[in-house]
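Got a structure for you, questions after.
Any read-out appearing in this document is the output of simple, stated calculations on the displayed coordinates, not a laboratory observation. These numbers were taken from a predicted model, which means no experiment stands behind them. So basically every Cβ, Gly included, is an ideal-geometry build from the backbone, and we count neighbours across all protein chains shown.
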Amino acid sequence: MPDSNRPHHDFLAIPDFSTPELGALFQLAERMRSGAYTAKPLSGKTLAMIFMKASTRTRVSFEVGTYQLGGHALFLSPRDVQLGRGEPIADTARVLSRYVDGIMIRTFAHQDLDELARYADVPVINGLTDLLHPCQILADLLTIRQHLGTYEGKKIAWIGDGNNMANSWINAAYRLGFELALACPEGYEPADHLLQRAREVTTVTVTHDPREAIAGAHVVNTDVWTSMGQEDEQKKREKDFAGYTVDAAMMEHADRDAIFLHCLPAHRGEEVSADVIDGPQSRVWDEAENRLHIQKAIMAVLLGGEELV
């Protein structure tokens, strides 16, 4: 049985951590990246990883991270769990809670994540839903700290779909207070309720002009135009996103020392040109690596009892 004395705390969205907690989480992740952190807080512990959506980075980073912290990770695809055959999420949550110390899920509907967390007696981590992708944005912010020193006082630009990435950037701006500018085609805007909340504390703009969003930005961010499960919309989206390719000409509008981020996988020639993603301003490989470090920090805190001070 998992340790029931530990305070139960999930990570479903970035605002689940306070502003000081996020700062401490980044510091912990940086210690992990540098090799200064050698503890094994997950020794004897198991993470169940439920993948209703496939992934390279999410699977490898969580599995390797659990192992590096002394624990064991279980990969569960729809073929491996009864969720794929209609078992209620609440029942799966109750059963897994009797076996494992934490659950990471990567799925479609955000309400499925909420239901899993409601019925689980162990911490639940959001590996991605159609609404949010919080682990990725924390990795992106860790990358910004690594290369620009801080996200404070920086302008961050999002160019593309108002998807789970855009929504999580809005949540990050809400918690951390940096300026965020999003450029999305008409009909592809981010979640309005998240936008309104963030605007109460910082400047978040949404425009249909990528050059307006990117002007003076210290960080330029994009994602594929067609996400998993939207393949039948590919042709329509290519037309709707015309002019949204982040190429060298568009990067000219950003700050001279701006960095480029992409959560990957990337489609060179669609949302980003090869010379940008493979060029000197790109930090996408550090960004991908930082998924490992930030997720290790999250697991050390939620499953391993590491203090955020």
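Search the structure for amide H atoms under 5 Å from the amide H of VAL272, placed 1.01 Å from N in the peptide plane, and list their residues when 5 or more places away or on another chain.
Here the answer is VAL246, HIS267, since their amide H atoms fall under 5 Å of that of VAL272.
A follow-up question, please. Could you give the alpha-carbon Rg of the chain over 2.2 N^0.38 Å, rounded to two decimals?
0.98
So what's the net charge close to LEU113: Lys and Arg +1, Asp and Glu -1, counting the other residues with Cβ under 15 Å from its Cβ?
The answer is -3.
So which aspartates and glutamates pass the test for LYS296, namely a Cα distance under 13 Å, with those fewer than 8 places away in the same chain ruled out?
Leaving aside aspartates and glutamates fewer than 8 places away in the same chain, those within reach of LYS296 are GLU30, GLU63, GLU306.
Pick out, from ILE105, ASN163, TYR119, the residue whose Cα sits farthest towards the positive end of the charge dipole of the stretch 100-170, with +1 on the Cβ of Lys and Arg and -1 on the Cβ of Asp and Glu.
Of ILE105, ASN163, TYR119, it is ASN163.
I need ASP161, ASP121, ASP16, ASP10 ordered by Cβ neighbour count within 10 Å, fewest first.
ASP121, ASP16, ASP10, ASP161
Same structure again: Per DSSP H run of n ≥ 4, the term is -39500 (n - 2.57); total these for the chain, divide by its residue number, and report the mean residue ellipticity at 222 nm rounded to 500 deg cm²/dmol.
-12000 deg cm²/dmol
Taking the Cα centre of the chain as origin, sum charge times position over the Cβ atoms of Lys and Arg (+1) and Asp and Glu (-1), and report the length of that vector in debye to the nearest 20.
With Lys and Arg at +1 and Asp and Glu at -1, about 860 debye.
Ok, one more. Non-local amide H neighbours of ILE125 (under 5 Å, H modeled in plane, Pro and chain starts lacking H): which ones?
When sequence neighbours closer than 5 places are left aside, the close amide H contacts are PHE11, ILE103, MET104, ILE105.
Each residue of the stretch 280-286 in order: what ³J(HN,Hα) in whole Hz does its phi give by Karplus 6.51 cos²θ - 1.76 cosθ + 1.60, θ = phi - 60°, with x for Gly and Pro?
Calculated HN-Hα couplings, in order: x, 8, 6, 10, 5, 6, 4 Hz.
Charges on Cβ only, +1 for Lys and Arg, -1 for Asp and Glu, centred on the Cα centroid of the stretch 136-288; of LEU264, HIS253, ALA173, which one is farthest towards the dipole's positive end?
ALA173
So, one more: Residue-wise, which Karplus ³J(HN,Hα) couplings in Hz belong to the stretch 185-201, taking 6.51 cos²θ - 1.76 cosθ + 1.60, θ = phi - 60°, and x for glycine or proline?
x, 4, x, 10, 6, x, 5, 5, 5, 6, 4, 4, 5, 5, 5, 6, 10
Same structure, new question: Express in nm, to one decimal, how much length is gained between ASP209 and GLU238 on full extension, taking 0.36 nm for each residue of separation and deducting their alpha carbon distance.
Taking ASP209 through GLU238 to full extension adds about 8.8 nm, to one decimal.
Hey, another quick one. Counting other beta carbons within 10 Å of each Cβ, put PHE11, PHE62 in order, fewest first.
Fewest to most other Cβ atoms nearby, the residues stand as PHE11, PHE62.
From the phi angles alone, apply the Karplus equation (6.51, -1.76, 1.60; θ = phi - 60°) to the stretch 288-301 and give each ³J(HN,Hα) in whole Hz, x where the residue is Gly or Pro.
The phi angles translate into 5, 4, 5, 4, 4, 5, 6, 6, 4, 4, 4, 5, 4, 6 Hz.
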